[in-house]
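For reference, the structure is listed below as structure tokens.
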Amino acid sequence: MKIAPSMLSANFATLADEIKNIEAAGADYLHIDVMDGMFVPNISFGPMVFGALRPMTSLIFDCHLMVQDPERYIEATALAGADIITVHYEATKHIHRVIQQIKALGKKAGVVINPGTPVAALNAVLSEVDLVLIMTVNPGFGGQVFIESTLKKVSKLKDLRTEHGYHYEIEVDGGVNAETARQCIEAGADVLVSGSYIFNQTDRKAAIDSLRI
């Protein structure tokens with residue numbers, strides 16, 4: 001089980017130290033939410049910010065683009081040091097082309113669906129992607145309540161992967177804590193994104209370890 005603490009919940013005043021702290025605590029990925037104020041109501045940070053952090057950590061940069069027309073930002077995100085670039089199915093008219101764009105830059109490509117979007121919407125691209133992210137809350141805000149019905153999508157993705165020999169990781173983002181992590185793991189998740197649950201605790205290692213159980 002891989003754990004991806006969400007940079008959105010870190011203390012921005014000491015961001016470099018925060019990232020080094022969670023790396024030492026055993027994180028596998030750093031989940032970076034890029035928000036544009038259009039696809040989601042909030043605005044977060046862009047490639048200039050996490051690009052400055054790239055030399056400071058060896059964590060895998062898992063960049064989640066919550067932006068409208070993500071194809072406009074793929075190149076800048078890749079150049080800033082992203083390892084995985086994940087885009088919303090709902091945010092572009094050309095999801096297959098965006099996935100090709102990401103791969104052409106030598107990065108792993110992921111696709112995301114919101115709670116209201118069925119797994120079937122991704123059938124045409126599941127063979128192409130390295131990661132599928134299931135939103136277990138509505139995107140754009142931290143601290144929301146976990147939507148249990150989304151776990152059915154995790155199980156469906158696991159079954160499809162086995163049936164067709166796909167190679168994607170299944171990632172879950174939203175409301176993940178020690179309790180909901182167990183549900184996600186049982187459903188078939190490979191990567192858990194967690195923000196406030198990790199960053200709000202003094203002992204980040206204990207928090208991360210509790211999600212792996």
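Any read-out appearing in this document is the output of simple, stated calculations on the displayed coordinates, not a laboratory observation. Computed from a prediction, not measured in an experiment: that's the story for all the values here. Ideal geometry is used to build each Cβ from the backbone, glycine not excepted, and the neighbour counts take in all protein chains shown.
A compact table of results
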quantity	calculated
In range of the label at Lys103: residues from segment 163-203 whose backbone nitrogen is under 11 Å from the point 7 Å along Cα→Cβ	none
Gaussian network model of the chain, springs between alpha carbon atoms under 10 Å - residue of Asp28, Asp17, Asp173 with greatest fluctuation	Asp17
GNM top mover of His64, His31, His164 - the chain, alpha-carbon springs below 10 Å	His164
Alpha-carbon centroids, segment 83-99 and segment 139-199: separation in whole Å	19 Å
Of all DSSP beta bridges in segment 1-142, antiparallel share, percent nearest 5	5 percent
Segment 77-87 - phi-based ³J(HN,Hα) in whole Hz, Karplus 6.51/-1.76/1.60, Gly and Pro as x	5, 5, 5, 6, x, 4, 9, 10, 10, 10, 10
Spin-label model distance (nm) - Val145 vs Met56, 7 Å beyond Cα toward Cβ	3.6 nm
Exposure proxy ranking, count of Cβ atoms within 10 Å, fewest first, for Ile60, Ile208, Ile43	Ile43, Ile60, Ile208
Principal semi-axes in Å for segment 129-213 [√(5λ), Cα gyration tensor, largest first]	23, 14, 11
Vicinal HN-Hα couplings computed from phi for segment 201-213 (Karplus, 6.51 cos²θ - 1.76 cosθ + 1.60; Hz; Gly/Pro x)	9, 5, 9, 5, 4, 4, 5, 5, 4, 5, 7, 7, 6
Extension gain (nm, one decimal) between Asn42 and Arg72, 0.36 nm per residue minus Cα-Cα	9.0 nm
Reference-scaled alpha-carbon Rg (2.2 N^0.38 Å with N residues) for the chain	0.93
Selection of trypsin sites (Lys or Arg not before Pro), segment 26-118, meeting DSSP coil and at most 16 other Cβ within 10 Å	Lys93
Candidate aspartates and glutamates for bridging to Lys93, where Cα separation is under 12 Å - those fewer than 8 sequence places away on the same chain excluded	Asp69, Glu71
Filter on Lys2/Lys153; Lys2/Lys108; Lys20/Lys205; Lys2/Lys205; Lys2/Lys107; Lys103/Lys158 - keep pairs with C-alpha separation over 21 Å	Lys103/Lys158
